[in-house]
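All of the numbers you see were taken from the coordinates with simple rules; none came from a lab. Computed from a predicted model, the values in this text were never measured in an experiment. All Cβ positions, even for glycine, are placed from backbone atoms using ideal geometry, and neighbour counts span all protein chains on display.
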Amino acid sequence: MSGFGRRWGLATASVVVLVTASACGSAGGGAGGTAAPASGTAKKDIKIAYANYADNSPLFAPITTAVKTSAAAAGMNAKVYDNKGTAETTLQNAQLMVQDKPDVVIEYSPDSAIGKSLFTVFDRAGSKCIALNVPVEGCPWLNVINKNLGTAAGQMASDYANKNGWTGANTTVLLANSARGGVEVNDTVRYTYLTVADKVPGFTKITPEQFTESTTRIAANAIVVDGGNTLDSSFAAVQAALQNIPNDQNIIYSSVNDDTASGGWRAIAEAGREKTSVVIGEGGSETALKQLRDNPQWIGEVDALVSVWGYYAVAMADALAAGVKPPALTELPFVALTKDTINDYYTDDLTSPKALPKPVDSNKYLFGRGILESYRK
């Protein structure tokens, strides 16, 4: 995602089991009865400031909604800001956020390069901070592990290719990265390719270090474009890349998030190449989940469960305000969805999963505070 013992194995990611919301409801245990003991109920007198990546994105907008909903349920004061996907606005918002003297700032920055500047603003103001998805040096990190997202996407792509006779001889892997997103965000496409190259004959095997944020071509059958993190920019980037892919080639397309997956897929469809192309989405947006259900060529969706990130972020803010020392990385959950498994996690409502997943070791401390337990109540 734009994004990422610290990393989950793929087996864990692919078998995440959602549990009923009532399983999180008792004060002494979390989902599935495996959460850490209750660490106190939410503090109702704290002030939270949250800056979203971009409110106009169908992928990221639900985070703001979840922050507002979960904070309101706990009686907290939450003020939200829109970074509009730009570093300039993010830095301006950081100054505005600290003027309100929040107890905890939750920052979803679009650019890892400005992390030091953001932390300086928060540190000087005496505000505790949380970095969501994109790291901010000095702030505890709340993040889904993008290496595992990419590996899951690569596994689904490999399964499809091997089943249908797609190899490096008749198939091109086309990936849209986020050139400014940093190493962690781009682990999604990096490990998508590494997994395909390892499991499908005919693709050039490389090391993770050889796939950098500036990589544009790995081989004749492996192309990387900068998707720019938006529908329009990914559409333009993929449209241009298609000029260099012979018409007799199949295409496996994936990207760092669902906005760029959707934009790139539109370019493929408008070029009349959808019947010989497949896409694996990254994020779990409502738009992408609908594609997974309805579009035969959208073969998989690595669902980062973005719609519930706000609940985890507010629970983490509450824990910080109460003096809890978090681990360097608090993990967000995800699940790899196929057409056969999507109904296990979603009803006709594709805006949010049926319930929260079970906790893992690094996020157990967030359960029992009453915030995650308020989900779906």
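Taken along its three principal axes, the alpha carbon spread of the chain comes to 62, 42, 35 Å, from the longest extent down to the shortest. If the cut-off is a Cα-Cα distance under 19 Å, which lysines reach Lys101, setting aside same-chain residues fewer than 8 apart in sequence? Excluding near neighbours in sequence, the set is Lys43, Lys44, Lys47, Lys68, Lys79, Lys128. Here's the list of lysines a cross-link from Lys339 could span, going by alpha-carbon distance under 27 Å and ignoring same-chain residues fewer than 8 apart: Lys147, Lys163, Lys199, Lys275, Lys290, Lys354, Lys358.
Given +1 at the Cβ of Lys and Arg, -1 at the Cβ of Asp and Glu and no other charges, the dipole of the chain around its Cα centre is 720 debye to the nearest 20.
Pairs of alpha-carbon atoms within less than 8 angstrom and 6+ residues apart define the contacts here; what relative contact order does region 186-227 have, in percent?
Relative contact order here is 28 percent.
Of interest is the spacing of the C-alpha centroids, which for region 186-205 and region 229-247 amounts to 20 Å. Using just its DSSP H runs of length 4 or more, each adding -39500 (n - 2.57), the chain gives a mean residue ellipticity at 222 nm of -10500 deg cm²/dmol after division by all residues. With r defined as the distance between the Cβ atoms of Asp361 and Thr338 and R0 fixed at 25 Å, what FRET efficiency is calculated, to the nearest 0.05? Given R0 = 25 Å and the Cβ-Cβ separation, E is 0.40. Summing charges over neighbours of Gly85, with a neighbour being any other residue whose Cβ is under 11 Å away from its Cβ, gives -3 when K and R count +1 and D and E count -1. Toward the positive end of the charge dipole of the chain, about the Cα centre and with charges on Cβ (Lys, Arg +1; Asp, Glu -1), which of Val144, Ala322, Val256 goes farthest? Projecting each Cα onto the dipole axis, the largest value belongs to Ala322. Each distinct pair of alpha carbons in region 146-303 adds a 1/r term; the inverse of their mean, the Kirkwood radius, is 14.8 Å.
Sorting 243-251, 150-158, 334-342 by average packing, meaning the other beta carbons within 10 Å per residue, from highest down gives 150-158, 334-342, 243-251.
Look at the dipole of the chain built from charges on Cβ: of Pro246, Ala236, Pro201, the Cα furthest out on the positive end belongs to Pro201.
Across region 251-344, the volume of the C-alpha convex hull divided among the residues equals 102 Å³ per residue.
A Cβ-based charge dipole, computed about the Cα centre of region 146-303 with Lys and Arg at +1 and Asp and Glu at -1, lands at about 420 debye.
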